[in-house]
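Q: Sharing a structure below in structure tokens format, with a few things to ask.
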Amino acid sequence: AAAGGGGPGPEAAGGSEELVLTPAQLIRSLEQAWLNEKFAPELLESKPEIVECVVEQLDHMESNLKRAKAGDLKVSVHRMEIERIRYVLSSYLRCRLVKIEKFFPHVLEKEKSRAEGEPSILSPEEFAFAKEYMANTETYLKNVALKHMPPNLQKVSLLKSVPKPNLDSFVFLRVLERQENILVEPETDEQREYTIDLEEGSQHLIRYKTIAPLVASGAVQLI
Amino acid sequence: MEPAEAEFLAEKELVTIVPSFSMDRVHLIGGDLGPFNPGLPVEVPVWLAVNLKQRQKCRLVPPAWMDVEKLEEIRDQERKEDTFTPMPSPYYMELTKLLLNYASDNIPKADEIRTLVKDTWDTRMAKLRLSADSFVRQQEAHAKLDNLTLMEINTIGTFLTQALDHMYKLRTNLQPAESSQSQDF
């Protein structure tokens with residue numbers, strides 16, 4: 001094919017799920033994951049299948065472009081698209097790293113106490129990074145302050161002192177799949193709880209905690 | 001989300017261009033575009049349209065809603081109603097800025113259009129500030145914002161959610177532990 005024939009439908013197989021996405025759907029999934037990660041107060045499930053497949057697509061396209069004639073208009077169009085996709089991917093990974101650094105003891109604790117079939121919130125590389133970050137922080141605190149403290153004050157529980165993500169934050173969302181009877185908890189003692197239905201395509205402002213499972217399942221998109 | 005990021009998303013919207021060059025179908029990762037033939041209109045995403053226009057390889061065709069009469073109607077409707085009117089494009093603000101910035105020569109009455117869109121935006125933002133204020137005062141737990149565009153939500157979003165977070169922290173610290181537990185079921 002001419003320079004940069006990306007080709008339709010290479011399969012994107014997941015780990016435990018068999019996902020077959022077209023490249024266009026893959027990029028849409030990446031963008032969804034990016035936006036959700038950006039606006040969610042906690043670190044979301046890691047999406048290794050999406051990240052790996054996007055990197056594969058980008059590498060494949062890059063190697064096609066290397067073989068193409070330089071200065072061809074098509075090449076620059078492909079390059080522009082590659083830059084855009086790279087931006088979303090980098091921003092997504094950076095956003096996750098910021099949250100890992102911010103909530104590191106809780107992230108590690110959650111990962112340690114994860115049940116067998118539950119999806120991981122950290123990729124293997126992120127897990128290694130989080131552990132190293134924790135070890136470095138502990139060493140730093142010990143060397144800079146703790147070892148100079150009286151013996152009974154030389155321990156600090158990072159799990160207790162580092163703030164947890166605030167799952168009660170408000171978030172904006174758009175509904176992708178209709179949901180019924182979502183419970184809205186009252187803000188004050190005078191109010192009563194009530195339920196709402198989420199119509200497809202509608203947009204809402206609501207506390208993250210109530211709709212967290214809907215973000216994980218892809219029924220809503222944070223905006 | 002930075003305004004530039006909202007604009008990044010808006011750049012995926014399709015717009016019609018009339019190319020002055022030839023190119024056969026391009027198989028991008030995100031989908032196919034073209035083929036391109038001089039003089040024949042074709043749809044491309046805004047990010048490409050703006051780039052081609054800058055390289056003087058095409059002329060941009062303004063979207064149907066980017067028209068003085070239509071925008072006047074919308075502005076008047078917005079001023080009349082208390083609620084938010086549905087906008088012709090979820091990215092009306094970003095697209096207006098991009099297209100008028102790079103292709104104002106292809107858009108008739110560009111200055112009037114700029115003013116009309118700005119007036120509509122100002123009215124909507126005023127309404128949004130009012131409704132955000134009432135949301136916080138009445139301590140609502142939920143709001144439906146169907147006709148708001150991403151740029152509008154984004155402009156007020158961070159401030160509003162952080163303010164609500166602060167209010168929540170202040171409120172839960174005032175209540176003794178037992179009564180705040182009673183809100184959970």
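The values are calculated or read from the model by the stated rules, or taken from the named source; none is laboratory data. Quick caveat, the model's predicted, so the values are computed rather than measured. Here the Cβ is made from the backbone with ideal geometry for all residues, glycine too, and neighbour counts use every protein chain on show.
Q: Does residue A:77 count as touching a helix residue (DSSP H, G or I) at 6+ places or on another chain (Cβ under 6 Å) and assigned to a helix (DSSP H, G or I)?
A: Against the criterion (touching a helix residue (DSSP H, G or I) at 6+ places or on another chain (Cβ under 6 Å) and assigned to a helix (DSSP H, G or I)), residue A:77 does not qualify.
Q: Are any residues in region A:21-47 closer than 19 Å to residue B:31 by Cβ and touching a Ser or Thr at 6+ places or on another chain (Cβ under 8 Å), and if so, which ones?
A: Passing the criteria: A:21, A:34.
Q: Which members of region A:153-195 meet the condition of being under 27 Å from the mean Cα position of the chain (by Cα) and β-branched (Val, Ile, Thr)?
A: If the condition is that a residue be under 27 Å from the mean Cα position of the chain (by Cα) and β-branched (Val, Ile, Thr), then A:162, A:171, A:175, A:182, A:184 are the ones that fit.
Q: Could you give every pair whose Cβ atoms fall below 9 Å, whose first residue belongs to region B:142-167 and is of a type in the set (Phe, Trp, Tyr), and whose second residue is surrounded by 15 or more Cβ atoms within 10 Å (Cβ to Cβ), counting only separations of at least 6 or pairs across chains?
A: From region B:142-167, the pairs are B:159/B:132.
Q: Which condition does residue B:84 not pass, out of (1) in contact (Cβ under 8 Å) with a residue 60 or more places away in the chain; (2) away from chain A (no Cβ under 11 Å), if it passes all the others?
A: Looking at each condition in turn, residue B:84 falls short on (2).
Q: For region B:1-24, which residues satisfy the criterion of being charged (D, E, K, R), within 30 Å of residue A:38 (Cβ to Cβ) and either within 11 Å of chain A (Cβ to nearest Cβ) or free of Cβ contacts under 8 Å to residues at least 60 places away in the same chain (or both)?
A: Across region B:1-24, the qualifying residues are B:2, B:5, B:11, B:12.
Q: Further question on the same structure: Look through region A:1-23, keep the residues that are modelled with pLDDT of 60 or more and in contact with a Pro (Cβ under 9 Å, 6 or more places away or on another chain), and return whichever of them is nearest to the other protein chains (Cβ to nearest Cβ).
A: Across region A:1-23, the extreme among qualifying residues is A:23.
Q: Of the residues in region B:43-71, how many are within 18 Å of the chain's Cα centre (by Cα) and of a type in the set (D, E, K, R)?
A: Residues flagged as within 18 Å of the chain's Cα centre (by Cα) and of a type in the set (D, E, K, R) within region B:43-71 amount to 2.
Q: If residue B:157 passes every condition in (1) surrounded by fewer than 18 Cβ atoms within 10 Å (Cβ to Cβ); (2) more than 22 Å from residue B:14 (Cβ to Cβ) but one, which one does it miss?
A: The single condition residue B:157 does not satisfy is (1).
Q: Another question, then. Residues in region A:39-53: is at least one in a helix (DSSP H, G or I) and within 20 Å of residue B:48 (Cα to Cα)?
A: Looking for residues that are in a helix (DSSP H, G or I) and within 20 Å of residue B:48 (Cα to Cα), one finds none in region A:39-53, hence no.
Q: Follow-up question, since we're still on this one. If you take the residues in region A:166-188 that are more than 7 Å from chain B (Cβ to nearest Cβ) and either free of Cβ contacts under 8 Å to residues at least 40 places away in the same chain or charged (D, E, K, R) (or both), which one is nearest to residue B:138 (Cα to Cα)?
A: A:183
Q: Here is a list: B:64, B:110, B:103. Which entry is out of contact with any helix residue (DSSP H, G or I) (no Cβ under 7 Å at 6 or more places or on another chain) and among the small types (Gly, Ala, Ser)?
A: Result: B:64 is the single residue among B:64, B:110, B:103 that is out of contact with any helix residue (DSSP H, G or I) (no Cβ under 7 Å at 6 or more places or on another chain) and among the small types (Gly, Ala, Ser).
Q: Quick one: how many residues across region A:187-215 are more than 20 Å from residue B:90 (Cβ to Cβ) and touching a Lys or Arg at 6+ places or on another chain (Cβ under 6 Å)?
A: Count: 0.
Q: Among helices (runs of 4 or more DSSP H) lying entirely in region A:103-219, which contain 3 or more residues that are surrounded by 11 or more Cβ atoms within 10 Å (Cβ to Cβ) and either touching a Pro at 6+ places or on another chain (Cβ under 9 Å) or on the phi < 0 side of the Ramachandran plot (or both)?
A: Result: A:104-112, A:124-144, A:208-217.
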